[in-house]
Amino acid sequence: MEAATLPPLEEMDETTRDEIETSVAKWKDAEGNLIMILHEIQNRHGYVPRASSLLLAREMNIPLARIYEVLTFYHYFRLVPQGDHNITVCNGTACYLKGSGRLLSELEKQLGIKDGETTEDRMFHLETVRCIGCCGMAPALVVDKKTIGKNSPMDIPPILEKIRQQEKTHEDQ
Amino acid sequence: MSVTATINGLEVTVPEGTSILEAARQVQVRIPTLCKHQDLFPSSACGLCIVKTGTGKKMPRACATALEEGMDITTHDAELTEVRRATLELILSNHPNACQTCGRNGDCELQDRAGEFGIRQDYLPRRVTDLPCDDSTGSLILDFSKCIKCGRCVQVCQEVQNVWALSFLDRGINTRMAPAGDITLAESPCIRCGQCSAHCPTGAIVENDETATVWEALRDPGKICTVQIAPSVRVALGEAFGLPPGTNLTGKIYSALRRLGFKAIFDTTFAADLTIIEEASEFVARFVEGKGELPLITSCCPAWVDYLEKNFSDLIPLFSTAKSPQQMLGALAKTYYPEKTGLPADQIYQVSIMPCTAKKYELERTEEMQSSGRPDVDVVLTTREFARMIKQSGVDFLNLPDEKADSLLGEYSGAGLIFGNTGGVMEAALRTAFNKVTGENLPPEGINITPVRGLEGIKTATIPVADTKVRVAVAHGLANVENLLLQVREARDQNKPPPWHFIEVMACPGGCIGGGGQPYGVCNEVRQKRMQGLLDTDEKMALRFSHENPEILQVYDEFLGEPLTGKAHELLHTSYQPRPIYQK
């Protein structure tokens, strides 16, 4: 498969090209190099931009479809940038039994997005994970890396409001 | 090495490595499957082909398990049937209950299995994905909800066609066959060959059905409906009516088309002869007179054209500029035909019946597809749609009398007819090129150019023409093409003589007879029979050279002038352009 012609992409700047070329040169002969390179890209950007994947396909001479098969198979990889504030609902057994489903529904309702999505203004990203190891705090949420325990749906609006206020103050300054 | 074992008590000896599924066929045992296709590697996805091996309690899948010496296989018993039915129920629980409005209604492998297993009610609640359909190409419709994740389409797209438009994205219940990054098929590397639809066991990928458009045109008093029918359709259509592959139904097809209401019946095979005149002239100009680059590469197949434009655009100058037979016929149907008959040109409507889903795309490929000032061809129906239309029409197809095509654009040679087979364009072109170079026809014993025939993926031959030797290569199934093109490119980059002078490529395995719009159930056995159908007819014909077709001579004499020049150039030739593999 010849991946010679790339679509005209504005995002495809000098930096992206350099990054990809460096990564490919570094991992060139290693087994399982595709995954390692994708990790590097994600570590740099927080997600794997399409422009990077398109360039990678050309540099490694592999079909873009193969790259996306890998990207979408592993839960770890993201295809869109996360929001400024990341909200994770724990869906482990304990949290599930203690009503994590209701927390998720409330968050989805309040934010107008579904699990795994980011709000249009990129302020919030919502996702679920299996178990964060804080079963004693069930049902647990992780809001911007801070774990909050024993939540009910009623706790959701104040949590979101607090973040919005912070952002507003930030903007005003 | 061979192994001997028993299947349902019947002794069977097969070469080592033969799957239990294949071995069972040899003793007339059919094990049900949904994912395994004879063209493809087993994916072990569906789980219907489980068997008992006589040792242990496991039930391995017959498609992906090799028969071993001394095995005592049981393929069918009450327990296996129960497990298979449960598996089928699980598959159905992710499938919409919408057979009556499905493009595969009455011709669906999943529906067949459900029928055979006597499933009469939903034992499990149905959980069906609500992803929207993808109809972006105008050739194919992807309905994700009907996908059973067998993997055939992905494998055929990636491994057989080397296109990589489809991939398996995500995992588990969210798995879907889609282009990288969930863009639409039209934005992907898809070349619309339709092999995905020809291999899909369900209605998840079907052709864009345009029969309603044709019915509408037929009842429009402002339109004079004309039609053309491709060589390969005539030897495959019968399958939709229960006849064996390869049955040539030309006469009945003409007859059916008249009864459907078409005012003029043309044959694409006539235009295949015309393509040969132009293409052979082009070849002679490049090969003998040195005008233009070699190898000359055929361009009748729109899926192949799209593939080259996307993946090997630096080789565009090697392409024959001759339009495909479909487009040549369309151009003449809207210029020459009204001129000869006095019919109003702006009312002529041209329907094309093709083995191919990419032909739907070809209509709008470039502006040159409107060389008559209007679309040269208005709508394309695949063989499958045409079969449906005949069934809707109430015509008792198999009992129709044989009729003839209209004269003007209906007469054809055997050379034009074999265009439908891989190697056929090459053979037809060589028959005429030989005459153009030497001034004589090939001797009767030399007319069949057998080295370019058959289902081998890449065929090469050296054909003596006068005192030179023409090196030719033929490839079908696009995964076979890359290697040829890389050799061509390398020779060119190093200023070496080209490895071949003339290359024929058809996207689909077997050529047009194995096209993505042909009746379902294609495999090599079927392809072989369809090919034979065309070869047998060619063999029996008195007219076997395109350049001797009297209607071809007449159209040049009365209308086109000389090949490659003037009106012939204007109406019968096209151009190519690099296109991005991904539009997004």
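B:GLN121 meets the conditions (1) surrounded by 15 or more Cβ atoms within 10 Å (Cβ to Cβ); (2) outside any helix (DSSP H, G or I); (3) not hydroxyl-bearing (Ser, Thr, Tyr) in every case but one. The failed one is (1).
Residues considered: B:GLN518, B:GLN532, B:GLN528. Of these, the only one that is in contact (Cβ under 8 Å) with a residue 60 or more places away in the chain and in a loop (DSSP other than H, G, I, E, B) is B:GLN518. Residue pairs whose Cβ atoms lie under 7 Å apart, sitting 6 or more positions apart in sequence or on different chains, and linking a residue in region A:68-91 that is free of Cβ contacts under 8 Å to residues at least 60 places away in the same chain and under 11 Å from A:GLU127 (Cα atoms) to a partner that is assigned to a helix (DSSP H, G or I) and open to solvent by 20 Å² or more (accessible area, probe 1.4 Å), are A:VAL89/A:LEU104.
Pairing each residue of region B:44-55 that is touching a residue at least 24 places away in the same chain (Cβ under 8 Å) with any residue that is open to solvent by less than 10 Å² (accessible area, probe 1.4 Å) and among the hydroxyl-bearing types (Ser, Thr, Tyr), provided the two are 6+ apart or on different chains, yields C-beta distances under 6 Å for B:VAL51/B:THR75.
Can you list residue pairs whose Cβ atoms sit under 6 Å apart, with the first residue in region A:23-37 being on the phi < 0 side of the Ramachandran plot and the second being open to solvent by 70 Å² or more (accessible area, probe 1.4 Å)? Count only pairs 6 or more apart in sequence or on different chains. Correct list of pairs: A:VAL24/A:GLU59; A:TRP27/A:MET36. Within region B:152-175, the set of residues being open to solvent by 20 Å² or more (accessible area, probe 1.4 Å), outside any loop (DSSP other than H, G, I, E, B) and facing chain A (nearest Cβ under 9 Å) comprises B:PHE168, B:ASN174. Only a single item in (1) open to solvent by less than 20 Å² (accessible area, probe 1.4 Å); (2) away from chain B (no Cβ under 14 Å) is not met by A:LEU38, and it is number (2).
Of all the listed residues (B:ASP209, B:ASP220), the sole one being assigned to a loop (DSSP other than H, G, I, E, B), in contact with a helix residue (DSSP H, G or I) (Cβ under 9 Å, 6 or more places away or on another chain) and open to solvent by 40 Å² or more (accessible area, probe 1.4 Å) is B:ASP209. Looking at region B:490-525 only, could you name the residues that are open to solvent by 40 Å² or more (accessible area, probe 1.4 Å) and in contact with a Leu (Cβ under 8 Å, 6 or more places away or on another chain)? Matches in region B:490-525: B:ASN524 only.
Scanning region B:288-310 for residues that are surrounded by 24 or more Cβ atoms within 10 Å (Cβ to Cβ) and within 14 Å of chain A (Cβ to nearest Cβ), we see that the one that is farthest from B:LEU485 (Cα to Cα) is B:TYR307. For A:LEU104, the conditions (1) modelled with pLDDT of 95 or more; (2) in contact with a helix residue (DSSP H, G or I) (Cβ under 7 Å, 6 or more places away or on another chain); (3) not β-branched (Val, Ile, Thr) are fulfilled apart from (2). Filtering A:ILE87, A:ILE113 for residues that are surrounded by fewer than 19 Cβ atoms within 10 Å (Cβ to Cβ), more than 14 Å from chain B (Cβ to nearest Cβ) and not polar (S, T, N, Q) leaves a single hit, A:ILE113. Whether a residue is out of contact with any Gly (no Cβ under 6 Å at 6 or more places or on another chain), open to solvent by 10 Å² or more (accessible area, probe 1.4 Å) and either polar (S, T, N, Q) or at positive phi (or both) was assessed, and B:THR226 does not pass this test.
The values are calculated or read from the model by the stated rules, or taken from the named source; none is laboratory data. If you're wondering where the values come from, they're calculated on a predicted model, not measured in any experiment. Cβ: placed from backbone, ideal geometry, glycine included. Neighbour counts: every protein chain shown. Side chains included, ligands, DNA and RNA excluded: accessible areas come from the protein's heavy atoms. Shrake-Rupley method; radii C 1.70, N 1.55, O 1.52, S 1.80 Å.
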